[in-house]
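No value in this document is a laboratory result; all are computed from the given coordinates. Every value quoted in this text rests on a predicted model; they were computed, and no experiment measured them. Reconstructed Cβ throughout: ideal geometry from the backbone, glycine too, with neighbour counts over all protein chains shown.
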Amino acid sequence: MKYFSALLIAVLMLVLFISLQEIPLSQNLMPVSSHYVDSGVKDTGATNLVNAVLFDYRGFDTLGEVTVIFAAAAAFKMLFSHRRIFFFRYGMSPIVKTGMAVYSPFIFIFGIYVIMAGHISPGGGFQGGVILASLSILLTLVYGLWYKVRQTVLSPAISSNIESMGGMVFIFIGLAGIFSGNYFLSNLGAGFFAGIPGSMFSGGSIPLLNIASGLKVTAGLSIIFYSIAGGE
Amino acid sequence: MNLLISYIYYAFLLLLVITAVYSVISRNLLCSIIFISLFNLFMVIVFLLLQAPDVAMAEAVVGMGFTTALFTIAISKTKEEE
């Protein structure tokens, strides 16, 4: 077994090195990429070009991803919703609970920051949403599932409402582009506030779409975890 | 990339392969989950060295936090049988 694993590691390492030699590292950009790099800030007003591509040039694809998360959460809720048996009933020890009470505001603030500053620094709606969802998972594990059910903000009914609302906000921002005479999910052409690139209020509809998808990812992933942990 | 950073990069690639192989061949499923989590940790560092901080953030939270929790829950709900 040891010789087999050593041989496997050696072969995989060789394949990895050979394939990594073939990666072109930013010498010759494709025409589409060089167009994004050259005129991305001017077109969208967002200095984070990854988010400019995600929510402006390829906004419809992001709507598809958001729909995938919605479908996954709906399927989990349908499959696991019968006969609830809580096995994180009372949570962990008081030491862990106190530590979590100290930690959780910082995680929350960090998640909100990653969502809100998605158009000017690395981050965005998906990343911040997953950070907030992992905060929800931590609260479930540490304080027990009954705490989550009793809380009004974290309860599953409110989470599913938030998830539907995030998707609706995303689609309505997209429809605003059509009503203003442009294409679906058009950003600066639809008259959203451009601002100075690099400042907090800039980027047109990109911060709004970040907030919508962040809400949706947060609620969707916490619904998935809650259904798996709660249902038996 | 200069020379030192490229050495660090290749070291983390080696760690990636080792953790991937051990996550496949280990007999204990909980052990496999911890190796997958370690794999994602090294993957985050590789993404940072390749200058993709967005992907690194998503990988850190999803790979090390969310999937570890989901897999642990799934294993604790199933019976151990070979």
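Could you list B:LEU13, B:LEU50 in order of exposure, starting from the residue whose Cβ has the fewest other Cβ atoms within 10 Å?
B:LEU50, B:LEU13
Within 10 Å, count the other beta carbons around each residue, average over each peptide in A:163-175, A:98-110, and list them highest first.
A:163-175, A:98-110
Search the structure for amide H atoms under 5 Å from the amide H of A:GLY198, placed 1.01 Å from N in the peptide plane, and list their residues when 5 or more places away or on another chain.
So A:GLY198 has HN proximity to A:THR47.
If you average 1/r across every pair of different Cα atoms in the range B:1-75 and take the reciprocal, what Kirkwood value do you get, in Å? Walk me through the numbers on the way to the answer.
On the way: mean 1/r = 0.0775 Å⁻¹.
Averaging 1/r across every pair of different Cα atoms and inverting gives 12.9 Å.
Want the number for A:TRP146 to A:SER164: 0.36 nm per residue separation, take away the alpha-carbon distance, what's left?
4.1 nm
Within straight cross-link reach of A:LYS97, meaning Cα distance under 16 Å, which lysines are found once same-chain residues fewer than 8 apart are removed?
A:LYS148
Could you give the spread of the C-alpha atoms of the range A:19-74 along their three principal axes, from largest to smallest, in whole angstroms?
For the range A:19-74, the Cα extents along the three principal axes come out at 44, 36, 16 Å.
Given just the C-alpha atoms of the protein assembly as shown, how large is their convex hull per residue in cubic angstrom?
So the per-residue Cα hull volume is 171 Å³.
Given Cα pairs under 8 Å that are at least 6 residues apart, what percent is the relative contact order of chain A?
30
Ranking B:MET43, A:MET116, A:MET200 by Cβ neighbours within 10 Å, fewest first, what do you get?
Values: B:MET43 21, A:MET116 17, A:MET200 12.
Fewest to most other Cβ atoms nearby, the residues stand as A:MET200, A:MET116, B:MET43.
Determine, from the Cβ-Cβ distance of A:SER155 and A:ILE178 and an R0 of 35 Å, the FRET efficiency 1/(1 + (r/R0)^6), rounded to the nearest 0.05.
The formula returns an efficiency of 0.50 here.
Could you work out the mean count of beta carbons from other protein chains within 10 Å of each residue's beta carbon in A:49-58?
1
What full-extension length gain, to one decimal in nm, is calculated for A:LEU79 and A:VAL15 as 0.36 nm per residue of separation minus the Cα-Cα distance?
19.0 nm
At 0.36 nm per residue, and after removing the present C-alpha to C-alpha distance, how many nm does the segment from B:TYR7 to B:LEU29 gain when stretched out fully?
Result for the pair: 4.7 nm of gain on full extension.
Relative to the Cα centre, what is the charge dipole magnitude of chain B, using +1 at the beta carbon of each Lys and Arg, -1 at the beta carbon of each Asp and Glu, and rounding to the nearest 20 debye? Please list the in-between numbers first.
Details: 3 positive and 5 negative charges, 16 e Å.
In debye, rounded to 20, chain B gives about 80.
Listed highest first by mean packing, meaning other Cβ atoms within 10 Å per residue, what order do B:57-70, A:184-197, A:50-63 come in?
Order by mean packing, descending: A:50-63, B:57-70, A:184-197.
Considering every pair of different Cα atoms, what Kirkwood radius, in Å, is found for the range A:163-210?
11.0
For chain B, find the longest principal axis of its Cα atoms and tell me its angle to the long axis of helix B:67-76, 0 to 90°, nearest 10.
The two axes meet at around 20 degrees.
Output needed: percent of Cα pairs per 5 Å distance bin for the range A:50-230, bins running from 0 to the one holding the longest distance.
Percent of Cα pairs in each bin: 1, 9, 16, 19, 17, 13, 10, 7, 5, 2, 1, 0.
Averaged across the residues of A:109-122, what count of C-beta atoms belonging to other chains lies within 10 Å of each residue's C-beta?
1
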